[in-house]
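Working notes, structure below.
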Amino acid sequence: MNIKYPKPKHIVIIMDGNGRWAVENGLTRSKGHKAGVKTLKNIIEYAVRTELNMITAYAFSQENWQRPRKEVDLLLDLFITSLQSEVDDLHKNNIKLNFIGELTKFSDKLRKTMKKSELLTCDNSGLILNVALSYSGRWDIQQALLSIINEIQSKKITIDEVNEELINSKLSLAENNDPDLFIRTGGEKRISNYLLWQLAYTEMYFTDILWPDFDSKQFSLALDWFSKRQRRFGKTSAQIENEYDT
Ligand code: FPP
């Protein structure tokens, strides 16, 4: 039985392949990242048109700090200029922007730009766009643990109160649904330290398409694939089909 499920409420994306796309097209890596921004813009437009609820895009991992300084600087500049040039459009489209990650590592200028765009868009009720910057899943779990230890030490809570719900509430995406669909472009089949806790029951979609080539057609293929998944969350098929029928 082919059960059709509703569209994913929360989609998380690893936008991989900008560098290889640039090489394949005889361009500099910088041009590859610029093309990557354009693709993200198109995917956001498609998400707004199709009334998707939430996208969390991995723009820069903690491990990305190890790239050559020149490329890191270039990416940081690109984040600032893209945000500055796109924020009004995002706002007009009723998009709510939110940044996650160890943001204290960034320059005052970038942090101010992020804060300003969060403030401008904070009352919007359309697509929620989370951008992960200097993010790592292990860092996220570590900062949640430290916050809990702190509350235990200051006697705000007791050890008995530590459960999944509490840990979840301390993580970066605490107020959001767990991701339903994970998309990674660029051919690699790994999670790369993204949202380790949150991905527990996420459907994983991998494609060889390089991020700059990931257009709305490719995106709709991923959504179609998701719609055919049977999400069991540890239950049996029979149980799920029963729940679906009633
Ligand atoms: C991975 O490709 C891509 C990145 C590290 C950067 C992704 C960033 C964007 C698409 C821009 C997002 C912009 C905003 C404003 C949020 P890669 O360089 O690892 O490619 P490769 O594996 O082919 O070398």
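Brief remarks follow.
- Checking each residue in the range 173-189 for being free of Cβ contacts under 8 Å to residues at least 24 places away in the same chain and farther than 19 Å from Phe219 by Cα picks out Ala174, Glu175.
- Taken together, Ala47, Ala22 contain a single residue that is modelled with pLDDT of 95 or more and near the ligand (Cβ under 8 Å from one of its atoms), which is Ala22.
- Residue list for the range 17-73, restricted to those being buried (at least 16 other Cβ atoms within 10 Å of the Cβ) and polar (S, T, N, Q): Asn18, Ser30, Thr39, Asn53, Thr56, Ser61, Gln62, Asn64
Yes/no matrix, rows are residues, columns are (1) assigned to a helix (DSSP H, G or I); (2) not small (Gly, Ala, Ser):
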| residue | (1), (2) |
| --- | --- |
| Asp89 | yes, yes |
| Asn98 | no, yes |
| Glu118 | yes, yes |
| Asn124 | no, yes |
| Ala132 | no, no |
| Asp140 | yes, yes |
| Ile148 | yes, yes |
| Glu151 | yes, yes |
| Lys156 | no, yes |
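- Hey, Gln66 more than 19 Å from the chain's Cα centre (by Cα) and within 14 Å of the ligand (Cβ to nearest atom) or not: yes
- Contacts under 8 angstrom Cβ, first residue in the range 58-86 being under 22 Å from Leu129 (Cβ atoms) and among the hydrophobic types (A, V, I, L, M, F, W, C), partner part of a strand (DSSP E or B) and more than 10 Å from the ligand (Cβ to nearest atom), 6 or more apart: Phe60/Ser134; Phe60/Tyr135
- Selection count where residues are in a loop (DSSP other than H, G, I, E, B) and closer than 20 Å to Leu129 by Cα, scope the range 175-190: 7
- Of the residues making up the range 89-99, those that are more than 11 Å from the ligand (Cβ to nearest atom) and either touching a residue at least 24 places away in the same chain (Cβ under 8 Å) or surrounded by 14 or more Cβ atoms within 10 Å (Cβ to Cβ) (or both) number 6.
- Count - residues of the range 1-19 that are within 20 Å of Arg184 (Cα to Cα) and more than 11 Å from the ligand (Cβ to nearest atom): 6
- Of the numbered criteria (1) farther than 21 Å from Asn193 by Cα; (2) more than 16 Å from the chain's Cα centre (by Cα); (3) near the ligand (Cβ under 8 Å from one of its atoms), the one His33 fails is (1).
- Taking the criterion of being buried (at least 17 other Cβ atoms within 10 Å of the Cβ), more than 16 Å from the ligand (Cβ to nearest atom) and not in a loop (DSSP other than H, G, I, E, B), the residues of the range 191-235 that qualify are Glu203, Tyr205, Ala222, Leu223, Phe226.
- If you check Glu151, Glu118 for being under 17 Å from the mean Cα position of the chain (by Cα), surrounded by fewer than 19 Cβ atoms within 10 Å (Cβ to Cβ) and modelled with pLDDT of 95 or more, only one passes: Glu118.
- Checked against the criteria, Ala59 counts as within 17 Å of Phe182 (Cα to Cα) and of a type in the set (A, V, I, L, M, F, W, C).
The values are calculated or read from the model by the stated rules, or taken from the named source; none is laboratory data. Source: prediction; values computed, not measured. Cβ: placed from backbone, ideal geometry, glycine included. Neighbour counts: every protein chain shown.
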